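Step one of this worksheet: look at the structure below.
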Amino acid sequence: MYEFNYHRPTSIDEARQILEGNEEAKILAGGMTLLPTMKMRLAQPSDLVDLSGIDGLTTISDDGDAIVIGAMVTHADVAASDVVKAGIPALADLANTIGDAQVRNRGTLGGSVSNSDPAADYPAAVLGLGATIATDKREIAADEFFEAMFETALGENEILQSISFPKPKNAAYAKFPNPASRYAVAGVFVADTGSGIRVAVTGAGACAFRASALEDALQADFSASALDGLTIDATELNGDIHASPEYRAHLVMVMARRAVTAAGG
Ligand SMILES: Cc1cc2nc3c(=O)[nH]c(=O)nc-3n(C[C@H](O)[C@H](O)[C@H](O)COP(=O)(O)OP(=O)(O)OC[C@H]3O[C@@H](n4cnc5c(N)ncnc54)[C@H](O)[C@@H]3O)c2cc1C
């Protein structure tokens with residue numbers, strides 16, 4: 001049987017107190033990853049701390065230079081948001097490619113980014129746009145956030161509250177989806193930030209990473225043809241039943257060209 005205490009705090013302070021008072025407690029957002037993990041007995045938390053009762057975690061706002069999205073905003077709400085569509089259309093498009101309608105209606109930005117699944121889509125946008133992650137304790141730059149497979153800079157019991165995405169001049173995301181789950185076999189987010197080109201890759205490595213050789217080439221010439229002749233080193237890439245490291249390396253270059261073209265390059 002599943003044995004855990006369910007909590008639905010109404011403030012961040014209350015959530016933190018419950019988490020700090022129960023060593024085996026876990027944050028619950030949309031439950032799209034956590035609940036299957038519990039069903040498979042890969043996690044057995046003593047307490048679930050559901051963030052859905054906390055005000056302020058479901059807002060999307062335009063702060064002028066950036067779009068700020070609360071941790072509990074669902075993928076469906078990001079995809080449908082007029083604020084996101086106007087400020088960063090590539091982010092709304094990305095959200096619309098995640099999973100299926102059920103997953104998009106339950107899964108949250110905070111849950112996805114905290115989890116750092118190697119095949120998740122949002123990490124590519126967080127890194128590609130140079131976003132800032134706000135927690136209950138501090139702000140973390142995207143470049144410092146994704147550390148390894150399912151590992152981030154978040155400390156124990158640290159609560160991701162919102163993410164601030166700077167508005168780019170142009171941006172686009174292209175992914176090769178797993179045909180069953182829609183997770184990225186390889187996905188590339190390309191952004192012309194106005195002060196530089198950023199290229200972030202998901203699906204291919206242990207966690208999302210920036211492709212600096214591609215950034216340098218696109219900085220000199222923002223066009224798909226600028227990537228001709230470039231390759232991604234497959235040595236550190238993931239290999240599984242879906243794709244070999246070499247195939248993922250190939251897909252990254254194909255997705256990068258598509259993203260650059262979609263971003264106007
Ligand atoms: C069938 C299926 C298909 C999917 N396809 C895709 C896809 O195509 N692309 C994609 O990107 N994703 C995909 N997902 C993942 C999904 O979109 C969710 O984003 C993901 O499961 C986690 O979000 P969640 O809100 O459900 O978090 P939960 O499952 O509730 O939590 C996930 C983890 O994050 C922690 N956590 C949650 N919120 C916070 C917070 N605010 N602060 C700190 N820690 C927190 C939890 O403790 C837990 O460890 C798919 C999932 C399923 C089940």
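The values are calculated or read from the model by the stated rules, or taken from the named source; none is laboratory data. Values in this document were obtained by computation on a predicted structure and should not be read as measured data. Every residue, glycine among them, receives a Cβ derived from its backbone with ideal geometry; neighbour counts consider all protein chains shown.
The listed residues are Asp93, Asp136, and the only one of them that is at pLDDT 95 or above, in contact with a helix residue (DSSP H, G or I) (Cβ under 9 Å, 6 or more places away or on another chain) and near the ligand (Cβ under 10 Å from one of its atoms) turns out to be Asp136. Exactly one residue among Ala224, Ala186 is aliphatic (A, V, I, L, M) and more than 20 Å from the chain's Cα centre (by Cα), and that residue is Ala224. Candidates in region 1-58 are the residues that are within 13 Å of the ligand (Cβ to nearest atom) and of a type in the set (Asp, Glu); of these, the one that is surrounded by the fewest Cβ atoms within 10 Å (Cβ to Cβ) is Glu24.
Do you know which residues across region 38-59 are outside any loop (DSSP other than H, G, I, E, B) and among the small types (Gly, Ala, Ser)? If the condition is that a residue be outside any loop (DSSP other than H, G, I, E, B) and among the small types (Gly, Ala, Ser), then Ser52, Gly53 are the ones that fit. Among the residues of region 93-111, those that are within 24 Å of Glu215 (Cβ to Cβ) and surrounded by fewer than 24 Cβ atoms within 10 Å (Cβ to Cβ) comprise Asp93, Thr97. With the structure loaded, tell me whether Ala124 is in contact with a strand residue (DSSP E or B) (Cβ under 7 Å, 6 or more places away or on another chain) and either within 29 Å of Ala243 (Cα to Cα) or within 9 Å of the ligand (Cβ to nearest atom) (or both) or whether it fails that test. For Ala124, the condition - in contact with a strand residue (DSSP E or B) (Cβ under 7 Å, 6 or more places away or on another chain) and either within 29 Å of Ala243 (Cα to Cα) or within 9 Å of the ligand (Cβ to nearest atom) (or both) - is met. Could you say whether any residue in region 194-216 is modelled with pLDDT of 95 or more, out of contact with any helix residue (DSSP H, G or I) (no Cβ under 8 Å at 6 or more places or on another chain) and closer than 18 Å to His75 by Cα? Taking every residue of region 194-216 in turn, none turns out to be modelled with pLDDT of 95 or more, out of contact with any helix residue (DSSP H, G or I) (no Cβ under 8 Å at 6 or more places or on another chain) and closer than 18 Å to His75 by Cα. For the residues Thr231, Thr202, the requirement of being under 28 Å from Ser181 (Cβ atoms) and loosely packed, with under 15 Cβ neighbours inside 10 Å singles out Thr231. The criterion of being more than 13 Å from the ligand (Cβ to nearest atom) and over 25 Å from Gly21 (Cα atoms) does not hold for Gly107.
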